[in-house]
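Every number in this text was worked out from the coordinates using simple rules, so none of it is lab data. Remember, predicted model here, so these are calculated numbers, not experimental data. Neighbour counts run over all protein chains shown; Cβ positions are idealised from the backbone, glycine included.
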Amino acid sequence: MTTFVDRVELHVAAGNGGHGCASVHREKFKPLGGPDGGNGGRGGDVILTVDQSVTTLIDYHHSPHRKATNGKPGEGGNRSGKDGQDLVLPVPDGTVVLDKAGNVLADLVGHGTSYIAAQGGRGGLGNAALASARRKAPGFALLGEPGDLQDIGLELKTVADVALVGYPSAGKSSLISVLSAAKPKIADYPFTTLVPNLGVVTAGSTVYTIADVPGLIPGASQGKGLGLEFLRHVERCSVLVHVLDTATLESERDPVSDLDIIEEELKQYGGLDRRPRIVVLNKTDVPDGKDLAEMVRPDLEARGYRVFEVSAVAHLGLKELSFALADLVAKARAAKPKEEATRIVIRPKAVDDAGFTVTHEEADGEPVFRVRGEKPERWVRQTDFSNDEAVGFLADRLNRLGVEEALMKAGARSGDGVAIGPEENAVVFDWEPSMMSGAEMLGRRGEDHRFEAPRPAAQRRRDREAERDESLQEFDGFEPF
């Protein structure tokens with residue numbers, strides 16, 4: 001059973017915001033005490049946070065769907081709904097967050113580093129918060145916004161100072177086991193190491209981490225063997241160590257050709273050209289291995305490599321190697337630019353930025369004017385279209401924002417189609433210019449006279465009132481005997 005997973009696809013859903021409440025305060029001798037509907041609660045966020053105790057993404061491989069809790073709706077008596085609880089997902093150090101197209105959204109390095117993968121929806125305002133001097137008793141409330149839905153990819157890139165690379169069975173696992181306290185699986189067959197192993201090495205005052213990358217073979221950069229799956233674990237390492245087998249039993253192989261093949265694979269993968277390199281000739285405790293190491297060492301040093309002859313089994317040459325690696329790691333750390341405090345960048349709004357755009361499009365041969373912008377789209381999502389007064393309130397907000405004026409400038413006429421939002425999820429209506437704000441036109445609570453379509457309940461109520469008025473007039477004209 002697989003216990004190490006370094007690439008998953010995650011489907012995250014933030015919590016929806018709670019709806020606002022439309023309520024009127026009532027008590028004895030005070031039947032209409034004013035609006036007292038509370039606001040809805042905020043939906044919970046989905047947050048990715050680096051946790052040093054997590055080393056694999058296997059939990060998300062088995063459970064790729066994660067959802068935060070919704071906000072609670074508001075209640076009467078000015079009681080706001082409870083906010084949804086944020087869902088915190090622990091990820092290993094070095095996790096890269098990608099979108100569907102493979103673009104990097106975040107690179108999570110360092111304990112406690114966080115990234116909001118999905119934003120929770122805002123809670124809707126209750127009618128108490130919507131009350132104003134013109135609209136003293138709103139008969140509606142705003143809906144909560146839906147939370148974000150995101151499909152993201154997570155890739156783990158091991159965070160280590162030194163990477164051991166080489167052919168399968170070159171002795172990388174044995175070397176990391178004697179340099180550190182790591183206990184990787186060791187055997188004499190190819191691809192013993194199926195997952196990267198990490199170890200901590202102390203050399204004098206320098207403490208650094210070392211990674212054993214699964215064995216590379218020709219064609220690894222194109223996906224052959226295990227190379228393509230684990231070459232990315234080398235990207236973050238400051239120093240590369242070529243572990244060459246001087247006691248291989250394969251006649252067609254030798255340390256120099258092994259080095260050339262691995263270097264070619266690293267070059268094909270890209271981004272690793274400037275990393276300092278050290279060559280380790282392993283298994284020199286074997287007589288033939290010692291002789292071969294002495295033969296190839298001058299050639300390797302002529303190429304500019306620092307060469308160390310070691311034996312993981314006999315513990316030969318390990319101290320010199322560990323201190324040489326510590327020196328390179330210290331230089332790499334000193335060369336890194338100092339981390340600066342995060343600056344808060346304030347970008348003022350442009351003078352001519354209205355906060356929305358109006359474009360003229362054609363849909364099924366009919367002209368459509370599409371309105372895009374953060375505020376108009378959010379207001380549409382928060383509107384209860386079954387309530388005329390709520391729709392009238394939306395019209396007032398759009399008018400104050402300047403949408404109606406922009407539509408006129410774009411050439412929109414009465415009856416033209418107007419769509420607010422993206423093409424796949426837009427609210428479309430026939431536009432009728434309004435020269436008056438809606439507050440002065442409000443009638444009964446929940447109604448707006450700008451909507452001429454008859455409402456059955458309201459019409460029945462008007463018919464009953466008319467019949468009652470007629471009966472009262474007949475009674476006034478009655479003459480007793």
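In region 1-55, with Lys and Arg counted as +1 and Asp and Glu as -1 at Cβ, which of these residues, G15, L48, F29, has the Cα nearest the positive end of the dipole, that is, farthest along it?
F29
I need the trypsin sites (Lys or Arg not before Pro) found in region 235-283, filtered to DSSP loop residues with at most 14 other beta carbons within 10 Å of theirs.
R253, R274
Taking the Cα centre of region 57-116 as origin, work out the dipole magnitude from +1 charges on Lys and Arg Cβ and -1 charges on Asp and Glu Cβ, in debye rounded to 20. Don't jump to the answer; show the numbers that get you there.
Values: 6 positive and 7 negative charges, 66 e Å.
Computed charge dipole of region 57-116: roughly 320 debye.
Restricting everything to alpha-carbon atoms, can you work out Rg to Rh for region 1-127 with a Kirkwood hydrodynamic radius?
On the way: Rg = 20.3 Å, Rh = 16.6 Å.
Here the Rg-to-Rh quotient is 1.22.
Sorting check: for 159-168, 93-102, 323-332, which peptide has the highest mean count of neighbouring beta carbons within 10 Å, and how do the rest follow? Don't skip to the end; give the middle numbers.
Numbers: 159-168: 24.0, 93-102: 15.6, 323-332: 18.0.
Listed from highest to lowest mean packing, they are 159-168, 323-332, 93-102.
Work out the length of the dipole vector of region 1-92 about its Cα centre, built from +1 on the beta-carbon of each Lys and Arg and -1 on the beta-carbon of each Asp and Glu, and round it to the nearest 20 debye. It would help to have the intermediate numbers written out before the result.
Numbers: 10 positive and 10 negative charges, 117 e Å.
Computed about the Cα centre, the dipole is about 560 debye.
What ranking do 388-398, 76-86 get when scored by the average of other Cβ atoms within 10 Å per residue, highest first? Write down the numbers at each step before the final one.
Values: 388-398: 21.5, 76-86: 18.8.
Ranked from most to least packed, the peptides come out as 388-398, 76-86.
Could you size up the charge dipole of region 59-176 around its Cα centre, putting +1 on the beta carbon of Lys and Arg and -1 on that of Asp and Glu, and report it in debye to the nearest 20?
The calculation lands at about 740 debye.
Pairs of Cα atoms under 8 Å, at least six residues apart: use those to get the relative contact order of region 251-306, whole percent. Mind dumping the intermediate values first?
Working: 20 pairs, mean separation 19.4, N = 56.
With pairs under 8 Å counted, the relative contact order is 35 percent.
Picking from L130, S177, L156, whose Cα lies most toward the positive end of the charge dipole for region 124-177 (charges on Cβ: Lys, Arg +1; Asp, Glu -1)?
The Cα lying farthest towards the positive end belongs to L130.
Can you give the extra length, in nm with one decimal, that the chain gains between V200 and A335 once fully stretched, where that is 0.36 nm per residue apart less the Cα-Cα distance? The partial results should precede the final answer.
Values: separation 135, 0.36 × 135 = 48.60 nm, distance 2.14 nm.
Answer, rounded to one decimal: 46.5 nm.
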